[in-house]
1. Residue farthest toward the positive end of the dipole of region 1-104, with Cβ of Lys/Arg at +1 and Asp/Glu at -1: which of P14, S41, A51?
2. Dipole size in debye (nearest 20) for region 4-122 around its Cα centre, Lys and Arg Cβ +1, Asp and Glu Cβ -1?
3. Just for the Cα atoms in region 4-122, what are the lengths along the principal axes, largest first, rounded to whole Å?
4. How much FRET efficiency would the formula 1/(1 + (r/R0)^6) give for M1 and K70, where r is the Cβ-Cβ distance and R0 is 25 Å, rounded to 0.05?
5. Applying 1/(1 + (r/R0)^6) with R0 = 22 Å to the Cβ-Cβ distance of Q27 and A48, what FRET efficiency is obtained, to the nearest 0.05?
6. Rounded to whole Hz and in sequence order, give me ³J(HN,Hα) for region 37-44 from the Karplus expression 6.51 cos²θ - 1.76 cosθ + 1.60, θ = phi - 60°, writing x for Gly and Pro.
7. Once R0 is set to 25 Å, what does the formula 1/(1 + (r/R0)^6) return for the Cβ-Cβ distance between L98 and A78, expressed as a FRET efficiency to the nearest 0.05?
8. Just how far, in whole angstrom, is region 16-33 from region 45-89 if you go by their alpha carbon centroids?
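What follows is calculated from the coordinates using simple rules that are stated; it is not laboratory data. Given the structure is predicted, the values throughout are model-derived calculations rather than measurements. Because the Cβ atoms are built from the backbone with ideal geometry, glycine has one as well, and the counts that use them run over all protein chains shown.
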Amino acid sequence: MTIRYLSKDYAVGPQITPADIAQLKAQGFATLVCNRPDGESGDQPPFAEIAAEARKHGLEALHLPVVPGKITPADRDAFAALYAAAPKPVFGFCRTGLRAETLWADTRDRTQGDSPADAAGRR
């Protein structure tokens, strides 16, 4: 699994499976955020399966599906609010990680504003 830290409290990656949850917990994540709509592709596990496994491991799992290339101001507002309230650190994922990264970049001034340099120690 590829994990890329964008800040000390936010990292992104591609689609995960329930089998990845234990590793994410072991790496210290407290919250998982899925930015994919359910059923986007046939090989994608339903969010409910990921959420159920996350709960077993004491992680919060949140679903904020966004359409690739069509992130709206409402999506950005929802992400900023979700991130502010979420236990840290947060792992955001989608098919490739790009939507999760875009939401962070578009709202960084409203989330915590730390820079990629702040994440260097977490890589």
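1. Going by the Cα projections, it comes out as P14.
2. Values: 14 positive and 15 negative charges, 36 e Å.
Here region 4-122 has a charge dipole of around 180 debye.
3. 33, 32, 22
4. Values: r = 27 Å, r/R0 = 1.06.
Calculated value: 0.40.
5. On the way: r = 23 Å, r/R0 = 1.04.
The value I calculate is 0.45.
6. With the stated coefficients, region 37-44 comes to x, 4, x, 4, 8, x, 8, 8 Hz.
7. Values: r = 18 Å, r/R0 = 0.71.
E(calc), rounded to 0.05, equals 0.90.
8. Their Cα centres are 13 Å away from one another.
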